[in-house]
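Down below is the structure, laid out as structure tokens.
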Amino acid sequence: ALKLRPDFPEAKENFYRVANWLVERWHFLMLNDHGRNHKYQLAIKKAVEGGCSSVLDIGTGTGILGMCAKMAGAAEVYACELSKTMYELACEVLSANGMADSIKIVHLKSLDMKIPKDIPNRVSLVVTETVDAGLFGEGIIETLIHAWKHLLLPPPNTQQPLSSPSQTGRVIPAGATVFGVAVQCREIRRQHRLCASSVGGLDLSAVGQIYSPVSCLADTEDSTEPYTTERLSRLRGGYIQLTQPFTALDIDFNNVQELEGLCSREMMQLRLCVTQEGVLDALAVWFQLHLDQDNHLSTGPQEDTCWEQAIYPIQSPFNTVKCGDEILVEVSCKDSYLRLCCAAIIRDGHTFRLYNATPKILNANPEAELCSALAGLQTNQEKPSCAFMLESAEIALLNNTAYHNSFQRAMSKLLVSLKSTRRSQQSDTELDPIYVLDVSEGFSVLSLIAISPGLVQAYSSVEKEHHQSMLRLLAKGNGVLESTLEFWLSHVEDDSAVLQRPATEKLWSAIILDCIETCGLIRQKLLEKATLARCLLEDGGQIFPERIVIHGMLVESDTLLRESAVQGTEPTLGFNIAPFINQFTVPVHVFLDLSTLECTHLSEAVELFALDLMNSTANYTDREVKVRVNTSGKVTAIAFWYQIHLDSEQSVSTFSEDSHWKQAAVVLQQPLTVSRGEWVKLSIQLHKSSISIIAVK
Ligand SMILES: CCc1ccncc1CNCCCCSC[C@H]1O[C@@H](n2ccc3c(N)ncnc32)[C@H](O)[C@@H]1O
């Protein structure tokens, strides 16, 4: 569609979402990492010149490693790629570099490759970089075990006289060493544990512990993943190392027995000496890829590499450590994921286990669990024995106290004015209830914050059982009559009719909309929902928020450029790859943390666009803004965020210290060289919640 009508907005917006999905963003990072490409090239060159004459590139992506092997003089080069999009892209790249006839590429997962169907014989060299931040997440263990059994010549064995490398098999990378360190980090904590005891006047202790789906407790339901990823060097507020880095695992990719033994290997226990007192928030893990004896790639936080680290959050309330303590870490490799778990803290000879005290995580059968939790409450046990799981974005939202407190002030102001209006119009006895509807996506406590006894009938659109259980527990724990909170979705026949009258002739006094995604984009169909919501408001009723103002600034950021497109042929060893992979460049970058992104501000922050949710006629789709350059440089992107106006007095910024929202940026097609004092004209268009910006001088 885009090729036919490049300016067709729907196709444009969908293309960006599809492009993001089709081609993972790390392809750009990887291909721009000249150091990584050069080290692979050296290792491949050495192996080929040392006699490896047949090479298989597993997970070729754009084909760059296979092309290195060909250029190094390998007689036969094969490549396989499981992603159709990447396979087709690699075919274009090979022919553009004159190697379509000399490299045979197949659209297959290596595990499905057969001899002689896909490759004529076993090869003497397998090159691959099928690794993720947690090393094993792309299945490299299974891939290499299969390769040793079915695709590679046998490894050189020491007994026989030195057999020639063309008769034996080997792998690049030859192996990896995994490192870890215990860290204190507020930014990680706020995404994986409840840090606020109360928000917006609501006491949250009634729900007990809240956990994110990242857990090392392998026996919990499979909805958990063992680790998440973060770029430690870019985390807001930084992190503190509580131990020395430790070696968690050494693995030799040229030893198939070791690879097979990995998953059946006993769990390893390490005792780490605490060298710095603090809160034990997570284990951070990275690795060194040993391409060969001389070439190593590291994904460590100290390196200037572009790679993220694997983060294993500590989901336990017992987590402060003192110098002299020891942390017991268990390393295992179940279901071929590398799992690290802080099992216990050892202090003065006593072992405090972190997890057996953690109650069973409630999601499986919330009803049954709920009554046991309520039972716990009845016997005024200080901590209910339950624990709930929320997405990390939902936990980060819940920890945003400023936002909830600001919302509570705006809501109570509205209630005061509605109450006085009712008093003047109706006699005290039959005051109409104030209907409040919260249509937030995901878990939200805003409906509860809105309830003020005797007046408000609140409806929440949360639909998941355990979300409803949590709201019921919170209502009970805050002395709110359960009957004043209802779940709206049980009243409407289908989700599309969420916005409709509360009762036949009744209207809503307040409708709470969820406007900005955690990643920093405006939610799709926001304006349509606001228009519909306005029709369902009683006089004096209010939509929260009432207005959203987009702020932005001109920035120069090579980091953003490197994440968005391959910068010419230099980083890719002179191969012509950029034009092909750059077809998948998307202009809007999300999940940015503008407070830690390496970038130079070339202008002040300016107001780019305003969205009035209470008055759609005030909305425009295009706007031109002139911005004064206050620092000379190269404008490569326009960073943007939002001021969310709950009402005329209360507003919160999505680019503030306690914001759980991330920021976003529009990366320009061509960087714009500017000097101090010049003016840049920005043409901003907002269509169907997606923003585009053109900058000219
Ligand atoms: C310092 C490296 C680093 C460190 C931390 N974070 C990221 C990186 C960078 N590496 C990321 C590669 C990650 C993706 S793997 C690259 C390509 O290979 C494909 N594939 C994967 C397995 C597989 C298979 N068995 N058979 C055929 N194809 C296969 C994927 O479809 C993908 O296109």
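Sort His466, His350 so the one with the fewest other Cβ atoms within 10 Å of its own Cβ comes first.
Final ranking by Cβ density, sparse to dense: His350, His466.
Report, in degrees rounded to the nearest 10, the 0 to 90 angle that the Cα long axis of helix 140-150 makes with the longest principal axis of the chain.
Result, in degrees: 30.
Using the per-residue mean of other Cβ atoms lying within 10 Å as a proxy for protection, in what order, highest first, do the peptides 233-242, 283-292 fall?
So the order, starting with the most tightly packed, is 283-292, 233-242.
How many percent of DSSP beta bridges within the chain run antiparallel, rounded to 5?
If we restrict to bridges inside the chain, about 70 percent are antiparallel.
Between the range 503-541 and the range 125-149, what is the separation of their alpha carbon centroids in Å?
So the two Cα centres are separated by 49 Å.
Any aspartates and glutamates with Cα under 18 Å of the Lys109 Cα? List them, leaving off those in the same chain fewer than 8 positions away.
Glu24, Asp57, Glu81, Glu88, Asp118, Glu129, Asp132, Glu138, Glu142
What is the sum of charges around Ser163, taking Lys and Arg as +1, Asp and Glu as -1, for the other residues whose C-beta is under 14 Å from the C-beta of Ser163?
Cβ neighbours under 14 Å give a net charge of +2.
What is the chain's relative contact order, in percent, from Cα pairs under 8 angstrom and six or more apart in sequence?
12
In terms of Cα to Cα distance under 20 Å, which lysines are near enough to Lys476, apart from those fewer than 8 places away along the same chain?
Output for Lys476: Lys383, Lys464.
With runs of 4+ DSSP H residues as the only contributors, calculate the mean residue ellipticity of the chain at 222 nm using -39,500 (n - 2.57) per run, divided by the residue total and rounded to the nearest 500.
So the calculated ellipticity at 222 nm is -7000 deg cm²/dmol.
Just add up the charged neighbours of Thr275: K/R +1, D/E -1, any other residue whose Cβ is under 12 Å from the Cβ of Thr275.
With Lys, Arg at +1 and Asp, Glu at -1, the net is -2.
Tell me the angle of helix 401-425 to the major Cα principal axis of the chain, expressed in degrees between 0 and 90 and rounded to the nearest ten.
20
Sorting check: for 412-418, 433-439, which peptide has the highest mean count of neighbouring beta carbons within 10 Å, and how do the rest follow?
433-439, 412-418
Relative to the longest principal Cα axis of the chain, at what angle does helix 9-22 sit, 0 to 90 degrees, rounded to 10?
For helix 9-22, the angle is close to 50 degrees.
Using the Karplus equation 6.51 cos²θ - 1.76 cosθ + 1.60 (θ = phi - 60°), what ³J(HN,Hα) coupling, rounded to whole Hz, does each residue of the range 31-47 give in order, writing x for Gly and Pro?
Here the 3J(HN,Hα) series is 5, 7, 8, 4, x, 5, 5, 5, 5, 4, 4, 5, 5, 5, 4, 5, 5 Hz.
What is the total of Lys pairs in the range 553-697 with C-alpha atoms under 18 Å apart, excluding same-chain pairs fewer than 8 positions apart? Kindly include the intermediate steps, with their values, before the conclusion.
Working: Lys626/Lys634; Lys626/Lys681; Lys626/Lys697; Lys634/Lys681; Lys634/Lys697; Lys681/Lys697.
Lysine pairs, 8 or more places apart or on different chains, close enough: 6.
If the reach is capped at under 20 angstrom between alpha carbons, list the lysines near Lys46, excluding any in the same chain fewer than eight residues apart.
List returned: Lys70.
What's the FRET efficiency of Tyr620 with Arg271 using the Cβ-Cβ distance as r and R₀ = 60 Å, to the nearest 0.05? Walk me through the intermediate numbers first.
Details: r = 63 Å, r/R0 = 1.05.
It comes to 0.45.
What does the highest-first list of 22-32, 507-517 look like by mean Cβ count within 10 Å?
Going by the mean number of other Cβ atoms within 10 Å, highest first, we get 507-517, 22-32.
Coordinate-derived values only; no laboratory data. Not measured: the values here are computed from a predicted model. Cβ atoms come from the backbone with ideal geometry, glycine included; neighbour counts cover every protein chain shown.
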